Amino acid sequence: MMKPIRILLVILTISLILAVTACGFRLRGQISNLPFETIYVAAPPGHTIGLDMERAISVSTTTKVVKKPEKAQAILQILSAVNEKKILSLSTGGRVREFQLIYRVSARLLDAQGAALTPVDDIILTRVLPFLDAQILAKAAEEEMLYKDMQVDAVQQLIRRMAAVKL
């Protein structure tokens with residue numbers, strides 16, 4: 001009695017795997033290499049996106065991050081990285097119920113001579129933060145965590161966009 005159920009499960013599993021692979025689905029995975037061997041990351045002072053970018057490039061690609069722009073084949077200029085917060089909805093009593101968190105990054109890629117390889121690229125990420133007055137400390141920590149998560153997403157998007165550049 002158990003044998004027909006197992007056979008049916010195996011057949012269903014195989015057909016599911018075939019259906020998923022036939023549609024072109026594959027995991028995103030890591031970027032293995034960028035179209036240049038060395039890169040310099042220029043970021044706004046006092047912002048952690050530059051360090052996150054250097055770390056992500058070093059870990060997920062074969063490209064080496066250098067500390068001087070003169071030694072780099074490409075320069076990633078992060079022009080701005082800004083956190084914004086807007087009120088999304090109010091209660092009937094006029095209290096805030098939801099905020100919209102916005103993270104904006106502007107960057108461009110230059111070659112060693114300073115010529116633009118890509119135009120200024122804007123990445124805009126948003127998240128919704130439900131808000132309750134009784135949980136103000138927890139919501140502040142959640143807001144910080146969401147901004148950090150959006151920064152990680154922006155770094156990954158920048159790396160994928162750099163990988164698509166044709167030299």
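Annotations for the structure displayed:
- Close amide-amide hydrogen proximity is noted between SER80 and SER106, each under 5 Å apart and 5 or more residues distant or on a separate chain (H modeled in the peptide plane; Pro and chain starts excluded).
- Projected-area average for the chain over all orientations - Cα convex hull basis, square nanometres: 16.7 nm²
- Scanning residues 5 or more positions from GLU98 or on other chains, those with amide H under 5 Å from its amide H are LEU88, SER89, PHE131, with H placed 1.01 Å from N in the peptide plane.
- Counting neighbouring Cβ atoms within 10 Å and putting the fewest first, the residues MET162, MET53 line up as MET162, MET53.
- Sequence-separation-based contact order of the chain, relative, with Cα cut under 8 Å and 6+ spacing, percent: 19 percent
- Shown for the stretch 2-163: lysine pairs separated by 8 or more places, or found on different chains, whose C-alpha atoms are under 15 Å apart, numbering 4.
- Amide H contacts of LYS64 (H built 1.01 Å from N, in plane; Pro and chain starts excluded): THR38, ILE39 sit under 5 Å, all sequence-distant by 5 or more or on other chains.
- Cleavage-rule hits, chymotrypsin sites (Phe, Trp or Tyr not before Pro), the stretch 36-136, DSSP coil, Cβ neighbours within 10 Å at most 13: none
- Of all the options ILE124, ILE17, ILE87, the one that moves most in a Gaussian network model of the chain with Cα springs shorter than 10 angstrom is ILE17.
- Local charge for LEU129 was computed over the other residues whose Cβ lies under 11 Å away, with Lys and Arg +1 and Asp and Glu -1, and equals +1.
- Beta bridges per DSSP, both residues in the chain: antiparallel share near 80 percent.
Every read-out reported here was derived from the displayed coordinates using simple, explicitly stated rules and does not represent laboratory data. Here the structure is a predicted model, which means the values were calculated and not measured. Counting neighbours? That spans all protein chains shown, and the Cβs are built from the backbone with ideal geometry, glycine included.
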